[in-house]
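Let me begin by handing over the structure; questions about it come next.
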Amino acid sequence: QVQLVESGGGLVNPGGSVRLSCVGSGEISTIETMSWYREAPGKQGREFVASIGRDGFRIYTDPVRGRSSIDRNNAKATVDLQIDDLKPEDTDTYYCYAKRDVGDDYWGQGTQVTVSS
């Protein structure tokens, strides 16, 4: 099993930055890809934000590409997501997601980011 704990959310002014962190524990050597998703209140489904593979290959969704970066420490099973130039539409609950080589995939509990003046 893998446990994921996110941190770093909060209230941020438009145009500001946020850095989200996710720490994994348990069978971390089996984690292939670590990703961030987000979900808005009342909206169905979680939206992909960014991912990083064990080899460092990164993917970003269009709404955050160019103003975000995702980084990972494989040994510590941590993944950080920084988003700059935050917009009100970035207000969401952000979830860490671990896709494993084998076995179940796991979600964290989420961390809230609110962009408002």
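The values are calculated or read from the model by the stated rules, or taken from the named source; none is laboratory data. Bear in mind the structure is a predicted one, so any value in this text is a computation, not a measurement. Here the Cβ positions follow ideal geometry from the backbone for every residue, glycine too, while neighbour counts run over all protein chains shown. The accessibility values were calculated without ligands, DNA or RNA, using every heavy atom of the protein model including side chains. Shrake-Rupley method; radii C 1.70, N 1.55, O 1.52, S 1.80 Å.
Of D104, D85, D90, which has the most accessible area with a 1.4 Å probe, and how do the rest follow in descending order?
Sorted descending by solvent-accessible area, the residues read D104, D85, D90.
Indicate the gyration tensor shape class of the stretch 1-40 (rounded, prolate or oblate), computed on the Cα atoms with a ≥ b ≥ c the square roots of the eigenvalues: a/c under 1.5 is rounded; otherwise a/b larger than b/c is prolate and the rest oblate.
Taking the square roots of the gyration eigenvalues as a ≥ b ≥ c, the stretch 1-40 is prolate.
Now for a different question. Give the calculated FRET efficiency between S116 and D71 to the nearest 0.05, with a Förster radius of 25 Å applied to their Cβ-Cβ distance.
On the way: r = 27 Å, r/R0 = 1.06.
Efficiency, from the Cβ-Cβ distance: 0.40.
Label points 7 Å out from Cα along the Cβ direction at R58 and Q44: separation in nm?
In this crude label model, R58 to Q44 measures out at 3.4 nm.
For the full complex of protein chains and a 1.4 angstrom probe, list R72, R19, R100 by accessible area with the highest value first.
Final ranking, largest accessible area leading: R19, R72, R100.
Now, a different point. Just to verify a number: FRET efficiency for E32 and E89, C-beta to C-beta distance, R0 = 30 Å, to 0.05?
That gives a FRET efficiency of 0.50.
May I ask you to evaluate 6.51 cos²θ - 1.76 cosθ + 1.60, the Karplus curve with θ = phi - 60°, for each residue of the stretch 2-11 and list the ³J(HN,Hα) values in order in whole Hz, giving x for glycine and proline?
After applying 6.51 cos²θ - 1.76 cosθ + 1.60, I find 10, 10, 10, 10, 9, 7, x, x, x, 9 Hz.
A further question follows. Extent of the stretch 18-78 along each principal axis, from alpha carbon coordinates, in Å, largest to smallest?
In descending order, the Cα extents are 34, 25, 20 Å.
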